[in-house]
1. How much length would be gained if the chain were fully extended between Glu382 and Leu292, taking 0.36 nm per residue of separation minus their Cα-Cα distance, in nm to one decimal?
2. On a straight-distance basis, which aspartates and glutamates could pair with Lys290 in a cross-link, Cα separation under 17 angstrom, same-chain partners fewer than 8 positions away excluded?
3. Expressed in whole Å with the largest first, what are the equivalent ellipsoid semi-axes of the range 254-408 derived from the C-alpha gyration tensor as the square root of 5 times each eigenvalue?
4. Using the beta-carbon distance between Thr177 and Val307 and R0 = 30 Å, what value does 1/(1 + (r/R0)^6) give for FRET efficiency, to the nearest 0.05?
5. Can you find, among Val347, Val203, Gly37, the residue farthest towards the positive end of the dipole of the chain? Put +1 on the C-beta of Lys and Arg, -1 on that of Asp and Glu.
6. Could you work out which residue, out of Glu35, Glu382, Glu320, moves most in a Gaussian network model of the chain, that is, has the largest mean-square fluctuation with Cα springs under 10 Å?
7. So what is the diffusion coefficient of the range 64-111 in µm² per second by Stokes-Einstein at 25 °C and 0.890 mPa s, using a Kirkwood Rh over Cα pairs?
8. According to the Cα gyration tensor, what semi-axes, each the square root of 5 times an eigenvalue, does the equivalent ellipsoid of the range 14-81 have, listed from largest to smallest in whole Å?
Amino acid sequence: MEWVIANGAECEPLLYNDQELLRVAWQEVLSGLQEVGQATGAKRLALAVKKKNQELVSLLRGSVSAAGVTIAELPDCYPAGDEHEVVALATGRVVPEGGLPVDVGVLVQNVETLRNVASASHGVPVTHRTITIAGCVREPKVLRVPVGTLVEDLLPLCGGAQCQAPAFLLGGVMMGTLTTEPATPVDKTTAALVVLPEEHVCVQRRRQSLQHQLRNAQSACTQCVLCTESCNRYLLGHHLEPHRVMRTMAMGLTADNEVARMALLCSECGACEYACPMGLSPRLVNRELKRLLRRPVGEPAGAGAPVPRVPFGTGRIPTERLVARFVLGPYQRRARYWEHEVAPRRVVIPLKQHAGAAARPTVRRGQEVIAGQVVGDCAPDELSARVHASVSGRVVHVDEEKVCIERT
């Protein structure tokens, strides 16, 4: 391994997790980066951040330079935080189609992952998650919350939802999942809780079914190729042309091998939705096609090394245009790290927060547990991960999907 890159680019609009985490816990992130570098034998360490965050860059430059870490300043565009983009912008290398950064000698890790690595080196498991609460709330904040904290317990900490019938995007407005259920728990992968009115364009887009999209594509897709010209994988030289996927699927044709490979290369970043003047979603079509094909997403799709179609850092979507396109301006307010402890009365800990199989519960109802205790373990001979109690208390419910703990 030649490079290890700490990814603090954070390209989703309204999110401030990475910025605030680097501001308040940069020593832990740096420690994790150095440990990963040592474990992989990396020759070069880097921290990727947005160039616009000069206050943060000035704060970190001296310390990271003294540790032998360079700062890669990325443009303020979407999706600059995608690991393929980070590799290209920081090293000048292009990840091959269907490949991973390690294929070009690079390992990319999010800054929170590196903080967790530093903790794990001292025997501390992952029990908390840094999350941005933004959107239609009185005061957006960045919180450090126990895994399993419910949405309904987070909203009051930010002044509550300031709209009728709020909807919640878990993870962000571009790549997040939609729910209207306040009892939805935060898991280890939840980067954000964005609260939006039910009628907001980002909510309505998430409610559209694949069948609705295909019907619209048949009547509304003009093959203008704007979706393709905004696709970051296409710009990096990969053989992904969303407009061709839309044409093939909308006409009810059986996808040939070429189109199938295209869908498998989609990162589902949603840049195509920004570009489409007809409100279509090639991202949704690609997702369904990948599911139907049931083939490994990582399977190589093309021959030879990709050749970027535009210079690195150009052709991407400026964040300010993304904000305008999806009517996010009223919610674009700076969120700061909340120093106080978040202590929910009850947590609901999912047993599947990772790739592979769900963990199997190791506790029973009525059992007392302490924070950090294993409540779900890996099944033998299966890809999985352990799950730990995020608070101390009594187990009040256990099933194959979750463990519920109430503080005592």
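1. On the way: separation 90, 0.36 × 90 = 32.40 nm, distance 2.36 nm.
My answer for the length gained is 30.0 nm.
2. Glu97, Glu241, Asp256, Glu258, Glu268, Glu299
3. 40, 26, 14
4. 0.30
5. Result: Val203, furthest along the dipole toward the positive end.
6. Highest fluctuation of the listed residues: Glu382.
7. 211 µm²/s
8. Working: eigenvalues 83, 36, 28 Å².
Result for the range 14-81: semi-axes of 20, 13, 12 Å.
Read-outs throughout are calculated quantities, based only on the coordinates presented, and are distinct from any laboratory measurement. Model, not experiment: these values are computed from the prediction. Because the Cβ atoms are built from the backbone with ideal geometry, glycine has one as well, and the counts that use them run over all protein chains shown.
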